[in-house]
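S.K.: Supplied in structure tokens, the structure appears directly below.
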Amino acid sequence: MAWKGIIQEYRSYLPISDKTPVVTLNEGNTPLIHAPRLSELAHADVFLKFEGLNPTGSFKDRGMTLALSKAKEDGAKIVICASTGNTSAAAAAYAAKAGLRCVVLIPEGKIALGKLSQALIHHAKVIAIKGNFDVALTIIRELSSLESVAVVNSINPFRIEGQKTGAFEVCDQLGGKAPDYHVIPVGNAGNITAYWKGYKEYHQKGNISSRPVMLGFQAKGAAPIVLGKIVQKPETIATAIRIGNPAGWKTALAARDESGGKIDAVTDKEILKAYKWLAENEGIFAEPASASGVAGILKLARHKFFTKKQAGAKRSTVVCILTGHGLKDPDQAIKSSKKIHQVPANKEAVMKAMRG
Ligand SMILES: *Cc1c(COP(=O)(O)O)cnc(C)c1O
């Protein structure tokens, strides 16, 4: 049977009725890819859920299919959001599909090129402010009471409802089991909230017999949850998690504490190293923010976090969410890589360069 998108596939778990117009681009059903080299380093069975393979290239599509379907059902004419990039790309695409107008508020100069091109080509009105994401979200909250307007940031509970289906898929793909550990980047903290909700619901329904330990990772320069206080000027190359005052702060702490997990920080250097390592060793091109989870696994692995004490004990299963596609941010990829070799147009010169 062909996949029909997360609303049709997980209908009974979602707040929709027969009256809800389903706005979908057949999101979800992303692959859970075994990562042999990462597994070796971590002393665990590591699987990467490549959410970059969603229709607009990030997990934001899972929430957006539900947010736009409900906005349309409720008679909204315009959807608005603040965005570090991927939310605006998803909102613009799903608004186009729904036939609604879309307005996105972005921090000037801090959006990856791929993401900006998506919002523009889907004909959203793109407004750049001289301020960061947190300021943009504050303005969006102030506009939320306007007539016929729906806010589609993750403060919209339907976003979380849609995103929780990622947890369902992970368990279904593992053959009806939850992983032992769930690793995830944390920015505005909507996704960690959503995954934990999804695991809890699947557990309550009896589809899985255990729940994972949740391990979230922020960038060191944008780590309010780790520090326990708002970061006024968040800074990181991982622009998708460059957030100093996450909307999902409390629910992220609940996910951490209820699961016995942790939320830690990784440096930009560690993120960039993991970003390249993943592309070179596992063949997966994810954006820098996504690599923060991989950087987190490598950091924990250095402290033998996943290593079993007893000899012969079964390895732990670790699922790491790769939240967005590397093509979103081509500038970063080129900056992080080897130079192109320029040679004269003849066989000898090419052979010399090949060997070098
Ligand atoms: C939005 C986003 C994040 C952060 O998710 P939150 O729900 O804000 O914590 C991480 N990576 C990518 C690629 C994103 O687009």
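Taken together, the values in this text are just the output of simple stated rules run on the coordinates, not laboratory data. Quantities reported herein were computed from a predicted structural model and do not represent experimental measurements. Reconstructed Cβ throughout: ideal geometry from the backbone, glycine too, with neighbour counts over all protein chains shown.
S.K.: Which Cα, out of Pro224, Ile237, Val170, lies furthest along the positive dipole direction of the stretch 159-253 (beta carbon charges, K/R +1, D/E -1)?
M.R.: Pro224
S.K.: If you line up the Cα atoms of the stretch 1-98 on their principal axes, what length do they span on each, largest first, in Å?
M.R.: Dimensions of the stretch 1-98 along the principal axes of its Cα atoms: 52, 33, 20 Å.
S.K.: Grab the beta carbon distance between Ser145 and Lys335, set R0 = 35 Å, and tell me the FRET efficiency rounded to 0.05. Before the final figure, lay out each step's value.
M.R.: Values: r = 42 Å, r/R0 = 1.20.
That pair, Ser145 with Lys335, gives E of 0.25.
S.K.: Give the long-range amide H neighbours of Thr267: residues separated by 5 or more places, or on another chain, with amide H under 5 Å away, using H modelled in the peptide plane at 1.01 Å from N.
M.R.: Answer set, sorted by chain and number: Lys220.
S.K.: Testing the spin-label approximation: label points 7 Å from Cα along Cα→Cβ at Lys314 and Lys4. State their distance in nm.
M.R.: 3.5
S.K.: Using the Karplus curve 6.51 cos²θ - 1.76 cosθ + 1.60 with θ = phi - 60°, what ³J(HN,Hα) values do you get for each residue of the stretch 262-273, in whole Hz, with x for Gly and Pro?
M.R.: Result, ordered by residue: 8, 10, 10, 10, 10, 7, 4, 4, 5, 5, 5, 5 Hz.
S.K.: Another one. 5 Å is the cut-off here: which amide hydrogens, built 1.01 Å from N in the peptide plane, fall below it relative to Lys125, excluding neighbours closer than 5 in sequence?
M.R.: Cys102, Val103, Val104
S.K.: State to the nearest 20 debye the size of the charge dipole of the stretch 209-262 about its Cα centre, where the only charges are +1 on K and R beta carbons and -1 on D and E beta carbons.
M.R.: 80
S.K.: Cα-Cα pairs above 22 Å in the stretch 92-202: how many percent? Display every interim value, and only then the final one.
M.R.: Details: 2799 of 6105 pairs.
Of the Cα pairs, 46 percent sit more than 22 Å apart.
S.K.: Taking 7 Å along the Cα-to-C-beta vector as the label spot, tell me the Gln232-Lys130 distance in nanometres, rounded to one decimal.
M.R.: It works out to 1.8 nm between the two label points.
S.K.: In whole Å, what are the Cα extents of the stretch 161-222 along the three principal axes, biggest one first?
M.R.: 39, 22, 17 Å, listed from the longest principal axis down.
S.K.: Here's something else I'd like to know. Within 10 Å, Cβ to Cβ, of Val318, how many net charges do the neighbouring residues add up to if Lys/Arg are +1 and Asp/Glu are -1? Walk me through the numbers on the way to the answer.
M.R.: Values: positive: Arg315; negative: Asp45, Asp180.
Here the count lands on -1.
S.K.: Relative contact order for the stretch 22-180: what percent, with Cα pairs under 8 Å and sequence separation of 6 or more? Don't skip to the end; give the middle numbers.
M.R.: Working: 272 pairs, mean separation 39.0, N = 159.
Contact order relative to length: 25 percent.
S.K.: Using bins 5 angstrom wide from zero, how does P(r) for the stretch 304-356 break down, in % of all Cα pairs?
M.R.: Binned Cα distances yield the sequence 4, 13, 11, 8, 9, 11, 11, 9, 10, 7, 5, 2.
S.K.: For the chain, which semi-axes, largest first and in whole Å, follow from the square roots of 5 times the eigenvalues of its Cα gyration tensor? Please report the intermediate quantities before stating the final value.
M.R.: On the way: eigenvalues 189, 145, 83 Å².
Working from the Cα gyration tensor, I get semi-axes of 31, 27, 20 Å.
S.K.: What is the sum of charges, Lys and Arg at +1 and Asp and Glu at -1, for the other residues whose Cβ falls under 10 Å from the Cβ of Leu113? All intermediate terms of the calculation are to be shown ahead of the outcome.
M.R.: Details: positive: Lys115, Lys328; negative: Asp329, Asp331.
Charge balance in the 10 Å sphere: 0.
S.K.: Follow-up. Between Ala82 and residues 5 or more places away or on another chain, which pairs have amide H atoms under 5 Å apart, with H built 1.01 Å from N, and which residues are they?
M.R.: So Ala82 has HN proximity to Leu105, Asn153.
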